[in-house]
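Have a look at the structure below, then the notes.
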Amino acid sequence: MARHLLNVTLRNAPDDAGYRRFRVGELELSRDEYFAHVTWPSRGGRLTHTLPADVFLRAMMRCVAWDFFYGWVYFDDVFGTRNLYGRVQFYAGLYVATYRDRNAHYVATVPRDVALRTCRELLLDWTNAGYDPFVAPAETGLGWIGPKRGSNQAAVERRRGTCRRMIGLPGDAPIRSDEQGFTVNRAFADVPQDAPEIHAEPGFEHALHAINLFAHVSRADTTWNPSVSSVCGNSLFCTTAEEYLMPVKHANDRIEWFLQLSDQIEWKIEDRDTGELRARVVMRAGDVAAMPADIRHQGFARKRSMLLVWENADPALPEAYARGELPPSMREHVQGGQP
Ligand code: PHB
Ligand code: FE
């Protein structure tokens, strides 16, 4: 049942656990001490899907900070968002045959700014004081459990870091440092913090730049949050520190590359639309992989590790893949064939 309705935030009294209810189209979002609940209309009455509130908050944190990212962000197999660049779809059951085959799924499509405003308000309301959905669970504890207790505005208003050309260049985003309030993470205490020496030929002093990227990532204060470290046209190098479970299953609307900079991440790769398992990819330091444009992926990092995500921000790509003009995997690109 596809609907295109404007969003209305419900400004009613909080539920008995103290949290407010929110609405996107006819989708209603509520939380209690342990769970987030998503309900939507169907022919036989409203349907409900329940997921753990911490899972919901960690996923919502990324949606808000990333402006809904590229393509699909699955909070779990049932509920998620799709970025249509200017508009955002919220779906329930759309990619689950049990719902879709019975026409019991639901999609609300709303303007991007309405989606962002609603999600920001929800995140602020549902996040208790002391709980930070952007950091590793071991670093924030269980404050997400229980009735509403205060809020954590500074944490939930963090945005994805970005730069114009390259971090550390004069006038561009700074490299993380103690002075900036970014201390070396406990897991990266052994990462050297020195900086490269730059010896430029006379006349090229302003044309050469080098940084210690490992030192920068060792000081990341969030997990599973790629921040842009360098930009060349539409080519973005995004670095991130990863620990525990990637809070979303992400499905790209384009190909992206992973360069494993340290330690190890295990990736679970599923079909984008059916969720059927396609592959398990274990990446160790130095490994490089291309993620196809027709999959979802979720990472598992037993130890905090460093990852570089190479993104192509060309706005024409989603259409080109959707029309079949570009094959979904690099192998087919290289072979020049169609799937
Ligand atoms: C991804 O979707 O490719 C992704 C997202 C967040 C990360 C790493 C990878 O931290
Ligand atoms: Fe991705």
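What follows draws every value from the coordinates through simple rules; no lab data is involved. In this text the structure is predicted, and so the values were computed from the model without any measurement. Every residue, glycine among them, receives a Cβ derived from its backbone with ideal geometry; neighbour counts consider all protein chains shown.
Numbers below:
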| quantity | calculated |
| --- | --- |
| Nearest 10 degrees, 0 to 90: helix 112-126 Cα axis against the chain principal axis | 80 degrees |
| Rough spin-label spacing in nm, given labels placed 7 Å along Cα→Cβ, for D67 and A13 | 4.0 nm |
| Segments 26-33, 67-74 sorted - mean Cβ within 10 Å per residue, highest first | 67-74, 26-33 |
| Quarter of Cα convex hull surface for region 123-249, i.e. mean projection, nm² | 10.0 nm² |
| Within the chain, percent of DSSP bridges classed antiparallel, to nearest 5 | 95 percent |
| q = 0.10, 0.11, 0.13 Å⁻¹, the chain: log10 I(q)/I(0) [Debye, one scatterer per Cα] | -0.64, -0.77, -1.06 |
| Residues of type lysines that K249 reaches as a straight line, Cα spacing below 26 Å, ignoring anything fewer than 8 places off in the same chain | K268, K303 |
| Residue-averaged 222 nm ellipticity for the chain, from DSSP H runs of 4+ at -39500 (n - 2.57), nearest 500 | -4500 deg cm²/dmol |
| Environment charge at Q193 (Cβ cut-off 14 Å; Lys +1, Arg +1, Asp -1, Glu -1) | -2 |
| By average C-beta atoms within 10 angstrom, highest first, the peptides 234-242, 38-46 | 234-242, 38-46 |
| Region 134-238: relative contact order as a whole-number percent, Cα under 8 Å and 6+ apart | 35 percent |
| Karplus-derived HN-Hα couplings along region 221-232 (A = 6.51, B = -1.76, C = 1.60, θ = phi - 60°), whole Hz, x at Gly and Pro | 9, 10, 10, 6, 8, x, 10, 6, 9, 8, 10, 9 |
| Normalised contact order of region 1-152, rounded percent, pairs of Cα under 8 Å and 6 or more residues apart | 24 percent |
| √(5λ) per eigenvalue of the Cα gyration tensor, region 17-167, largest first, Å | 25, 20, 13 |
| Computed over the chain: relative contact order in percent, which uses C-alpha pairs under 8 Å that are six or more apart | 13 percent |
| Local electrostatic count, D221, Cβ distance below 11 Å [Lys/Arg +1, Asp/Glu -1] | +1 |
| Rounded tilt (10° steps) of 53-65 against the dominant C-alpha axis of the chain | 60 degrees |
